[in-house]
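Data first, discussion second: the structure below is written as structure tokens.
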Amino acid sequence: MDRDSFYRVIFGRRDVRGQFTGAELDPKVLGRVLAAAHGAPSVGMSQPWDFVLVESEGIRRAFYEHVYKERATFESSLDEEARERFQRIKIEGILEASLGIVVTYDPQRGSPHVLGRHAIDDAGLYSVCLAIENLWLAATVEGIGVGWVSFYREDFLAHLIGLPADIRPIAWLCLGPVTHFEQIPDLERLNWQSRRPLRPHVFMDRFGEHAGVDHLAQLPGEDAETTE
């Protein structure tokens with residue numbers, strides 16, 4: 001494996017909103033991306049995910065309208081300064097993307113004895129998130145953009161795509177060819193949130209204890225002068 005290429009993919013991954021071209025998605029590329037997602041680790045090898053591919057314009061339009069109602073709800077909770085910043089942020093690419101993918105979680109998959117879930121039930125949910133990350137990284141390698149939409153109510157989306165009562169929708173992913181990947185993540189570029197440095201979040205033995213981690217080499221993104 002080319003180590004440098006691997007890390008370029010990690011740090012080059014972006015949550016895409018406004019760069020989708022709408023061009024047709026190569027079925028072979030889609031197959032490889034889904035296979036990467038399905039190859040993710042999962043608690044007890046339960047693989048508790050499914051992937052609903054959404055091409056229907058009607059379904060996408062209904063979801064888009066729901067998302068913008070939720071956007072308005074969130075915006076109304078902000079103070080004036082935050083609202084002004086938020087209004088510059090595009091939160092989705094539902095209609096522009098080539099495809100929508102709803103990734104779901106089936107908590108009954110592998111039941112009643114899922115090895116490793118007896119003490120931490122949410123380990124199944126964590127597994128689905130690993131599948132999403134695999135999908136995202138594979139798409140990045142393929143030059144395909146992914147955007148995770150989170151401005152929705154689970155019950156609305158579940159009803160919209162006909163999910164059984166015991167299956168949760170975890171993510172609506174917008175997927176498709178893009179004009180480019182931004183060098184700086186949107187929320188940082190648009191001054192909503194800044195990326196935190198790693199070192200203050202690394203502890204030794206007990207949470208909050210920084211003593212003992214000084215021997216770490218300079219970490220990516222650190223200014224050498226600040227680590228001496």
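What the table below lists for this structure:
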item: GLU57, sole failed condition from (1) surrounded by 11 or more Cβ atoms within 10 Å (Cβ to Cβ); (2) under 25 Å from LEU163 (Cα atoms); result: (1)
item: Long-range neighbours under 6 Å by Cβ, at least six apart or interchain, first residue more than 12 Å from VAL103 (Cα to Cα) within the stretch 114-143, second polar (S, T, N, Q) and crowded, with 16+ Cβ neighbours inside 10 Å; result: VAL114/SER46
item: Residue among VAL52, VAL33, VAL114, VAL103 that is farther than 28 Å from TRP192 by Cα, assigned to a strand (DSSP E or B) and in the same structural domain as PRO164 (by TED's automatic domain parsing); result: VAL52
item: Test: LEU157 is aliphatic (A, V, I, L, M), more than 19 Å from ALA40 (Cα to Cα) and in a helix (DSSP H, G or I); result: yes
item: Qualifying residue in the stretch 28-43 (condition: of a type in the set (Ser, Thr, Tyr) and over 18 Å from the mean Cα position of the chain (by Cα)); result: no
item: Subset of the stretch 69-88 [assigned to a loop (DSSP other than H, G, I, E, B) and exposed (fewer than 12 other Cβ atoms within 10 Å of the Cβ)]; result: SER77, ASP79, GLN87, ARG88
item: Residue among ILE59, ILE91 that alone is assigned to a loop (DSSP other than H, G, I, E, B) and touching a residue at least 12 places away in the same chain (Cβ under 8 Å); result: ILE91
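The values are calculated or read from the model by the stated rules, or taken from the named source; none is laboratory data. Everything numeric here is computed off the predicted structure, so don't read it as measured data. Ideal geometry is used to build each Cβ from the backbone, glycine not excepted, and the neighbour counts take in all protein chains shown.
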